[in-house]
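Following: one structure in structure tokens, then a few remarks.
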Amino acid sequence: MTGTPAEAEILDGLPLPALIVDAEQRIALANRAALALIGEAALGRRLALALRAPDLLAAVDEVLQQGRGPAREVPLRLNDESRFQAFVSALTEDGARRALCVLRDVTAEMQGEAIRRDFVANVSHELRTPLTAMMGFIETLQGPAKDDAAARTRFLDIMAREAGRMNRLVRDLLQLSRVEAGERMRPRDPVDLAGVLRRAAATVQPAAAGRDCAILLSGADTPVRVPGDADQLLQVFLNLFENAVKYGAPGQEIRVDLRREDGARGPMMRVDVTDRGEGIDALHLPRLTERFYRIDTHRSRAEGGTGLGLAIVKHIVNRHRGLLRIDSRKGEGSTFSVLLPPA
């Protein structure tokens with residue numbers, strides 16, 4: 001049995017993939033969105049051959065048997081990445097029983113939920129670790145070490161470091177939240193990118209000197225205008241310069257090159273921040289801008305990192321309609337490139 005012209009028109013008007021299955025569980029009719037998923041050749045074939053989904057087949061069979069009742073809702077997985085919710089309801093006309101299947105893509109919702117769960121778990125872990133340490137030291141100071149001046153001084157120093165770590169984490173979380181909230185609003189105020197780089201370099205210079213490093217600026221002698229948010233761009237390059245100092249090799253130069261580049265997206269102002277550190281294995285590069293992703297968790301925490309710096313950088317660059325590129329080879333150092341459209 002095939003669908004009527006009216007049914008075909010109705011199905012094609014639906015924004016979701018939809019198909020009609022006849023009493024023999026053959027696909028009698030499908031709209032364009034459904035055919036894009038299951039293929040043109042699926043028309044007229046049994047549903048089981050087009051979609052290997054036991055839960056959906058069972059729901060269709062139940063609807064065809066009963067011919068009435070509320071719509072059945074079942075999860076549907078088409079491949080390793082796509083997730084759908086299928087709604088199966090009965091169609092009865094002239095005694096012929098058929099089933100209407102409407103598919104709703106919930107992939108993005110499920111990915112968003114997974115990200116939220118991971119985020120909450122990561123934040124809980126990052127806060128729990130210093131809190132547990134501080135509670136242990138407090139109990140010790142209230143008990144066995146109550147009159148031990150040396151232990152009190154040592155423990156208070158550790159507690160101050162842990163409190164500072166939590167404070168940095170909360171600060172970065174709030175900043176990330178603000179950046180994400182305003183990511184769709186492109187900043188348009190003229191900003192001197194060269195001046196931003198000079199300010200960032202001056203701020204990080206004491207930390208660089210402590211590791212016997214020099215930050216060498218190239219191309220930042222004259223003003224270079226870009227539309228942007230000066231404070232956010234300063235945060236981008238503070239993060240990149242601080243990372244170069246932390247993870248670059250002691251005694252090595254950190255090069256910062258500002259230049260104009262013409263590419264597929266038109267003219268861009270490009271800033272390369274290059275260190276001569278250990279470099280990063282290629283398998284880590286795609287995940288570096290994920291929240292809380294760390295290559296070396298112990299070292300990152302020891303250096304005072306929160307695991308949010310590059311996530312903040314990515315979202316700020318996105319807000320400025322720019323690009324962030326990372327090039328690194330193990331043993332050869334790393335280059336973090338920010339490309340921004342000129343004013």
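Please indicate, with yes or no, whether at least one residue in the range 172-193 is among the aliphatic types (A, V, I, L, M), open to solvent by 30 Å² or more (accessible area, probe 1.4 Å) and over 22 Å from L310 (Cα atoms).
no
Residues being open to solvent by 40 Å² or more (accessible area, probe 1.4 Å), among the polar types (S, T, N, Q) and more than 38 Å from the chain's Cα centre (by Cα) are entirely absent from the range 75-86. Taking the range 138-164 as the range and being part of a helix (DSSP H, G or I) and either of a type in the set (G, A, S) or in contact with a Gly (Cβ under 7 Å, 6 or more places away or on another chain) (or both) as the test, the residues that pass are A149, A150, A151, A160, A163, G164. For R97, the conditions (1) part of a strand (DSSP E or B); (2) open to solvent by less than 70 Å² (accessible area, probe 1.4 Å) are fulfilled apart from (2). Once the range 221-255 is narrowed to residues that are out of contact with any helix residue (DSSP H, G or I) (no Cβ under 6 Å at 6 or more places or on another chain) and hydrophobic (A, V, I, L, M, F, W, C), the residue that is farthest from Q205 (Cα to Cα) is A230.
Test R104 against the stated conditions and say whether it is open to solvent by 30 Å² or more (accessible area, probe 1.4 Å), in contact (Cβ under 8 Å) with a residue 24 or more places away in the chain, within 26 Å of L11 (Cβ to Cβ) and of a type in the set (K, R).
Here the answer is yes, as R104 does meet what is asked.
Within the range 316-336, if we keep just the residues that are surrounded by fewer than 19 Cβ atoms within 10 Å (Cβ to Cβ) and not charged (D, E, K, R), the residue that is nearest to S177 (Cα to Cα) turns out to be N318.
Is the range 258-277 home to any residue that is open to solvent by 70 Å² or more (accessible area, probe 1.4 Å) and part of a helix (DSSP H, G or I)? The answer is no; no qualifying residue exists.
Within the range 39-55, residues that are closer than 15 Å to L76 by Cα have Cβ atoms under 8 Å from residues that are charged (D, E, K, R) in these pairs: L47/R26; A53/R77, counting only partners at least 6 apart in sequence or on another chain. Sub-8 Å Cβ pairs linking a first residue in the range 223-251 that is more than 15 Å from T274 (Cα to Cα) to a second residue that is open to solvent by 40 Å² or more (accessible area, probe 1.4 Å) and among the aliphatic types (A, V, I, L, M), at least 6 apart or interchain, are R225/A343; V226/A343; P227/A343, ordered by first then second residue.
Within the range 36-56, being surrounded by 17 or more Cβ atoms within 10 Å (Cβ to Cβ) and part of a loop (DSSP other than H, G, I, E, B) holds for L43, L51, A53. If the condition is being out of contact with any helix residue (DSSP H, G or I) (no Cβ under 8 Å at 6 or more places or on another chain), of a type outside the set (D, E, K, R) and at pLDDT 90 or above, then the range 85-106 contributes Q85, F87, L100, V102, V106. Go through the residues of the range 302-313 one by one and say whether even a single one is of a type outside the set (G, A, S), at pLDDT below 95 and surrounded by fewer than 17 Cβ atoms within 10 Å (Cβ to Cβ). Yes: one or more hits.
Which is small (G, A, S) and surrounded by 16 or more Cβ atoms within 10 Å (Cβ to Cβ), of A230, A207? From the options A230, A207, the qualifying one is A230. Any residue that is surrounded by 13 or more Cβ atoms within 10 Å (Cβ to Cβ), touching a Pro at 6+ places or on another chain (Cβ under 9 Å), at negative phi and of a type in the set (D, E) - is there at least one of those in the range 162-170? The answer is yes; a qualifying residue exists. Figure legend. Inter-residue proximity from the range 74-101: first residues within 18 Å of A50 (Cα to Cα), second residues open to solvent by 80 Å² or more (accessible area, probe 1.4 Å) and modelled with pLDDT of 90 or more, beta-carbon distance below 6 Å, spacing 6+ or different chains. Indicated pairs: V74/D55; F84/D105; Q85/R104; F87/E73. Scanning the range 231-240 finds no residues that are within 22 Å of P190 (Cα to Cα) and in a loop (DSSP other than H, G, I, E, B). Taken residue by residue, the range 5-26 has no member that is closer than 19 Å to G67 by Cα, open to solvent by 40 Å² or more (accessible area, probe 1.4 Å), in contact with an Asp or Glu (Cβ under 8 Å, 6 or more places away or on another chain) and not acidic (D, E).
The values are calculated or read from the model by the stated rules, or taken from the named source; none is laboratory data. Owing to the predicted nature of the structure, the values given are computational and were not obtained by experimental measurement. Because the Cβ atoms are built from the backbone with ideal geometry, glycine has one as well, and the counts that use them run over all protein chains shown. Note: areas computed on protein heavy atoms with side chains; ligands, DNA, RNA excluded. Shrake-Rupley method; radii C 1.70, N 1.55, O 1.52, S 1.80 Å.
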